[in-house]
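The values are calculated or read from the model by the stated rules, or taken from the named source; none is laboratory data. Keep in mind that what you see is a predicted model, and the values were worked out from it rather than measured. In this analysis, Cβ positions are derived from the backbone assuming ideal geometry, glycine residues included, and neighbour counts consider all displayed protein chains. Accessible surface is based on the protein model in full, side chains and every heavy atom, while ligands, DNA and RNA are left aside. Shrake-Rupley method; radii C 1.70, N 1.55, O 1.52, S 1.80 Å.
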Amino acid sequence: MIPLLAIALLLVAGCERRDTGESEDQGSVSADSSRWAQPDPRFRKYQETGDLSAIKDRGTIRFVYLAEDPENYLPRSGIVSQQNVHLAERLAAKLGLKPHFTAVETAEEGIEMLNRGEADVFADNLLMNEERSETLGLSEPLRITEQVLVTGKKGPDLGHIKDLKDTEILVLSDSQLAKNAQQFAADNPAANLKVTELPASGLINAIKDSMDSSSPPIVLMPKNHAEDLQRYYPELKVSSPVGEPISLAWAVRKSAPELQTRINNFLTKTMVKAPADREADWDAIKASGVLRFATYNGPGYFIWKGVLSGLDYELVSAFAKANDLELQVIVVPDTESLIEYVESGRADLAGASTTMTEERRNAGIAFSAPILETSVVVMSSDGKAPIKTLQDLSGRTLTLRPDSAFMNIAKKLQSEGIDVKIETAPEEYSFEDIVEGVANGELDATLEDANLADLQRALYPQLQQGIAVSGPMSQGWMVLEGNRSLLDKLNSFLNQFLAEEKNRKMVDNYFLPESRNVERAKNQLQPGKALSPYDEIAKKYAAKHNLDWRMVVAQIWQESNFDPKAESHMGAQGLMQVMPRTAQEMGFNTPLFDPEHSVHAGTKYLDWLKERFGNELPADEKVWFSLAAYNAGIGHLRDAQELAKQLNLDPNKWFDNVEVAMLKLSEPRYFEKARYGYARGSEPVAYVRNIRNLYRAYTDMASGEVAQRQRGKFQPWNLFSSWASGANRAN
């Protein structure tokens with residue numbers, strides 16, 4: 001019997017279903033209805049089947065897209081153009097309209113919304129076929145890709161799909177490829193193929209759990225996604241192309257030809273790639289309409305809560321927008337030099353929190369105006385003598401990674417006569433391992449960038465910051481030496497942009513600890529008094545979404561310090577800091593500064609995250625995993641679970657297991673093979689611990705009052721709160 005054949009639509013660029021959950025909508029929708037297909041309340045009676053002129057009369061263009069689009073994972077290599085949601089936002093701006101987004105579970109749901117007049121544009125990778133071209137206005141193809149078969153390292157050598165016999169084909173239910181698979185099996189009765197349709201979560205688990213097994217599945221997916229998979233499964237087996245190429249497009253109603261034409265014009269212009277060998281001077285950049293920025297996956301460019309983020313990414317995006325340029329990010333493998341991409345003309349500029357050094361200038365690079373400056377400081381445990389002067393380093397030991405930039409600084413200290421020892425950490429030690437070892441007193445001391453010291457101390461309160469062992473070092477972007485036109489434009493932008501207080505604050509926010517002062521919250525508690533001004537709202541929506549209201553109050557404190565007008569630099573809003581697009585997906589108006597509105601959206605989203613874990617986790621663990629996913633995004637959480645397995649940790653326990661793996665996702669040797677790439681792992685770790693500590697205090701001060709019922713199953717939250725308040729305080 002040939003191993004399992006899984007046609008995994010979740011990994012297909014044109015997949016037409018996603019791993020989505022079910023929860024109540026704001027109105028009277030039953031609990032078993034999909035949360036994704038519920039339009040914003042403003043549009044429930046808004047049906048528009050006209051063309052662009054009618055849409056402009058209303059002032060809003062309504063986009064529908066597939067929930068948890070696979071493009072939300074971090075692109076691993078090559079040129080990254082605009083994602084579908086970003087493209088839709090740019091299209092709306094070009095048309096002078098306000099965008100509104102609704103996420104749906106399947107392509108058919110989105111198509112029905114178009115035809116009912118509840119949406120205007122299907123802005124996602126829709127598989128083009130004759131049937132759809134007759135009933136919809138399809139755009140020009142955004143992408144044409146080939147399909148390939150893949151399997152794990154222990155799977156069979158792959159031939160052609162027609163050679164498969166006596167094979168079970170797993171396919172995503174209610175999808176276009178499900179129809180294709182059924183038709184293929186019917187056309188080849190001698191092959192004895194069995195087609196089994198499964199929900200997305202079932203396919204994901206089958207692939208995830210058996211890719212490295214002795215009998216791995218065989219998966220059909222686009223060639224570019226197979227290449228992505230090979231970055232973190234290097235021994236993946238990939239076949240030659242199978243079947244006809246897949247064309248992917250957007251869609252509008254058949255009755256909207258003007259809108260279809262405008263979309264085609266926009267996509268054609270936007271998706272055109274700049275020639276790799278064009279000049280990098282400003283005139284050539286403006287003529288192409290494209291700015292090419294080379295960077296590494298890391299602190300300057302990463303995905304967080306489903307949004308591309310990072311200091312370098314935010315700044316270069318602002319620069320491109322200010323100059324009406326399409327931004328293309330070139331993700332460079334860690335083993336390659338950013339300088340080479342600039343020198344070869346493959347990028348116009350490059351940077352990844354790049355320190356300005358004479359060595360780099362001597363290599364033919366010119367630096368932009370500084371984005372930030374930082375020095376290097378000593379970190380040690382508060383259980384040992386502080387290191388406040390260079391003399392205090394005498395007899396102390398600095399533990400450093402062998403490939404760390406701190407190693408040169410430490411050796412320079414030795415050359416200047418400081419009697420400090422340098423200990424090279426074992427190869428398997430990540431930087432977070434070293435920091436934790438220092439905090440616990442197992443290691444003596446280490447070095448850290450000064451602008452990251454507060455983040456580390458928020459995660460490890462036992463740490464103490466010592467003397468700076470270097471002067472301020474500037475960081476900026478690199479362009480080719482002599483490229484004055486581009487450099488002048490960059491410097492003018494950076495000097496003006498960073499002079500504005502809100503923008504400088506945005507830069508600083510990347511280095512401020514996100515954790516709140518839990519002790520301050522505890523000190524405000526009084527027996528018999530309210531935990532917060534929002535207790536009644538928390539009780540109302542915690543009951544609606546199967547949560548303990550005291551845990552919700554602890555989360556509100558952690559997110560916003562009970563400030564209903566709080567807004568993060570990334571756009572998260574209100575008491576529970578929900579991202580606007582997440583709120584729209586679940587049917588909520590934005591902004592979310594109304595307390596009741598924010599708590600309802602936040603608890604509904606937390607409940608949805610909790611359901612993503614199904615029955616694989618016990619109730620207590622499910623809460624911690626859900627909170628971690630709320631902070632970091634469920635993609636990073638899944639990456640951490642996978643890494644936990646590789647580290648022989650329990651992937652179904654958060655404390656001292658998956659949280660350890662989450663911390664390691666900030667280290668290149670781990671995040672390079674993670675689907676969602678780099679994660680600021682210290683944030684979700686501190687986030688969950690802070691909420692747990694405050695929740696424990698709250699359970700001592702206020703009763704749970706009621707136990708909730710979840711999906712027809714009794715959910716004994718009073719038992720869970722007893723566990724949280726006492727049974728496991730050792731954690």
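Brief remarks follow.
- Answer residue from segment 362-378, given it is open to solvent by 40 Å² or more (accessible area, probe 1.4 Å) and in contact with a strand residue (DSSP E or B) (Cβ under 7 Å, 6 or more places away or on another chain) and is nearest to residue 473 (Cα to Cα) among those: 373
- Scan of segment 637-652 for residues that are within 24 Å of residue 545 (Cα to Cα) and open to solvent by less than 20 Å² (accessible area, probe 1.4 Å), ordered by number: 637
- Scanning segment 233-244 for residues that are surrounded by fewer than 19 Cβ atoms within 10 Å (Cβ to Cβ) and under 29 Å from the mean Cα position of the chain (by Cα) yields 233, 234, 235, 238.
- For segment 411-429, a residue qualifies if it is touching a strand residue (DSSP E or B) at 6+ places or on another chain (Cβ under 7 Å) and in contact (Cβ under 8 Å) with a residue 40 or more places away in the chain, but none of them does.
- Helices (runs of 4 or more DSSP H) lying entirely in segment 541-631 (those with 1 or more residues that are of a type in the set (Asp, Glu), touching a helix residue (DSSP H, G or I) at 6+ places or on another chain (Cβ under 6 Å) and in contact (Cβ under 8 Å) with a residue 40 or more places away in the chain): 595-612
- Members of segment 300-310 that are touching a Phe, Trp or Tyr at 6+ places or on another chain (Cβ under 9 Å) and either of a type outside the set (A, V, I, L, M) or open to solvent by 10 Å² or more (accessible area, probe 1.4 Å) (or both): 300, 301, 302, 305, 308, 309, 310
- Number of the exception - residue 574 against (1) open to solvent by 20 Å² or more (accessible area, probe 1.4 Å); (2) touching a Leu at 6+ places or on another chain (Cβ under 6 Å); (3) closer than 30 Å to residue 66 by Cβ; (4) not aliphatic (A, V, I, L, M): (1)
- For segment 462-473, the set of residues classified as open to solvent by 30 Å² or more (accessible area, probe 1.4 Å), part of a strand (DSSP E or B) and under 19 Å from residue 383 (Cβ atoms) consists of 464, 465, 467, listed by residue number.
- Only residues that are under 12 Å from residue 599 (Cβ atoms) and either open to solvent by 10 Å² or more (accessible area, probe 1.4 Å) or modelled with pLDDT under 95 (or both) were counted in segment 554-563, giving 3.
- Per the listing 357, 335, the residue uniquely over 23 Å from residue 672 (Cβ atoms), at pLDDT below 90 and not small (Gly, Ala, Ser) is 357.
- Scanning segment 75-112 for residues that are surrounded by 22 or more Cβ atoms within 10 Å (Cβ to Cβ) and at pLDDT below 80, we see that the one that is farthest from residue 679 (Cα to Cα) is 106.
- Looking only at segment 38-74, residues that are assigned to a loop (DSSP other than H, G, I, E, B), open to solvent by 30 Å² or more (accessible area, probe 1.4 Å) and modelled with pLDDT under 50 come to 2 in all.
- Test: residue in segment 351-359 that is of a type in the set (A, V, I, L, M, F, W, C) and open to solvent by less than 20 Å² (accessible area, probe 1.4 Å): no
- Residue count for segment 342-355 satisfying the condition of being more than 29 Å from the chain's Cα centre (by Cα) and either under 15 Å from residue 475 (Cβ atoms) or among the polar types (S, T, N, Q) (or both): 1.
- Segments classed as strands (runs of 3 or more DSSP E), wholly inside segment 92-153, with at least 2 members that are of a type in the set (Asp, Glu): none
- The one condition from (1) in contact with an Asp or Glu (Cβ under 8 Å, 6 or more places away or on another chain); (2) of a type in the set (Val, Ile, Thr); (3) in a strand (DSSP E or B) that residue 438 does not meet is (3).
Residue by residue, here is whether (1) at pLDDT below 75; (2) more than 26 Å from the chain's Cα centre (by Cα); (3) under 30 Å from residue 616 (Cα atoms); (4) open to solvent by 20 Å² or more (accessible area, probe 1.4 Å) holds:
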position: 158; (1), (2), (3), (4): yes, yes, no, yes
position: 181; (1), (2), (3), (4): yes, yes, yes, no
position: 186; (1), (2), (3), (4): no, yes, no, yes
position: 189; (1), (2), (3), (4): no, yes, no, yes
position: 201; (1), (2), (3), (4): yes, no, yes, yes
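- Number of positions in segment 434-461 that are in contact with a helix residue (DSSP H, G or I) (Cβ under 8 Å, 6 or more places away or on another chain), under 20 Å from residue 664 (Cβ atoms) and either open to solvent by 50 Å² or more (accessible area, probe 1.4 Å) or charged (D, E, K, R) (or both): 2
- Taking segment 443-460 as the range and being of a type outside the set (Val, Ile, Thr) and at pLDDT 95 or above as the test, the residues that pass are 443, 444, 445, 447.
- Some residue of segment 525-538 being basic (Lys, Arg), closer than 28 Å to residue 106 by Cβ and modelled with pLDDT under 90: no
- Number of positions in segment 638-685 that are of a type outside the set (S, T, N, Q) and under 21 Å from residue 308 (Cβ atoms): 21
- Residues being part of a helix (DSSP H, G or I), in contact (Cβ under 8 Å) with a residue 24 or more places away in the chain and small (Gly, Ala, Ser) - total across segment 653-704: 3
- Residue list for segment 116-131, filter: open to solvent by 10 Å² or more (accessible area, probe 1.4 Å) and either at pLDDT 95 or above or more than 32 Å from the chain's Cα centre (by Cα) (or both): 116, 130, 131
- Candidates 223, 321, 286, 254, filtered to the one that is within 24 Å of the chain's Cα centre (by Cα) and either open to solvent by less than 20 Å² (accessible area, probe 1.4 Å) or modelled with pLDDT of 90 or more (or both): 321
- Residues located in segment 474-491, provided they are within 17 Å of residue 362 (Cβ to Cβ) and part of a strand (DSSP E or B): 474, 476, 478, 479, 480
- Residue tally, condition of a type in the set (A, V, I, L, M) and assigned to a loop (DSSP other than H, G, I, E, B), over segment 373-428: 7
- Which listed residue, of 628, 632, 619, is crowded, with 21+ Cβ neighbours inside 10 Å and either modelled with pLDDT under 90 or touching a Leu at 6+ places or on another chain (Cβ under 6 Å) (or both): 628
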